[in-house]
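Here is the structure we will look at.
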Ligand SMILES: [Cu+2]
């Protein structure tokens, strides 16, 4: 009798966990983005759009190397620490507004290899890989 109850309980808990994982993935905004609205070119400048909310998405981006590049960091009701943005390679550290788009220029000579974007505590991150 006890065993049956325990089995039933663990099935219910497992279903709850699975459901939780599925709904977390549904909310992941990177699932809705396509590459064409992440990296785009306009008049010889490369723009890279990153969403900061509960982390950064997408977490991996491929962009062109050695091009004048502008990051557009978007916040949308962002009250978590992903609003405390740090880009070590640029010596950049800034608190983003809870909602808006913050532009960060990446000089052409630094648009090479890779560029790490993190929260100031290093808990969340994203990386841009520049390929020539
Ligand atoms: Cu953090």
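Where a number appears in this text, it was derived from the coordinates with a stated rule and is not lab data. Predicted model, so just to flag it, every value in this text is computed and none were measured. Positions of Cβ are backbone-derived with ideal geometry, glycine not excepted, and every protein chain shown enters the neighbour counts.
Exposure proxy shown here: for 67, 121, the number of other Cβ atoms within 10 Å sets the order, fewest to most, as 121, 67.
Compute the Cα gyration tensor for the range 47-123, then decide on rounded, prolate or oblate, letting a ≥ b ≥ c be the square roots of its eigenvalues: rounded whenever a/c is under 1.5, prolate when a/b is larger than b/c in the other cases, and oblate in all that remain. Taking the square roots of the gyration eigenvalues as a ≥ b ≥ c, the range 47-123 is prolate.
Ordering of 85-93, 40-48 by packing is 85-93, 40-48, highest average first (other Cβ atoms within 10 Å, averaged per residue).
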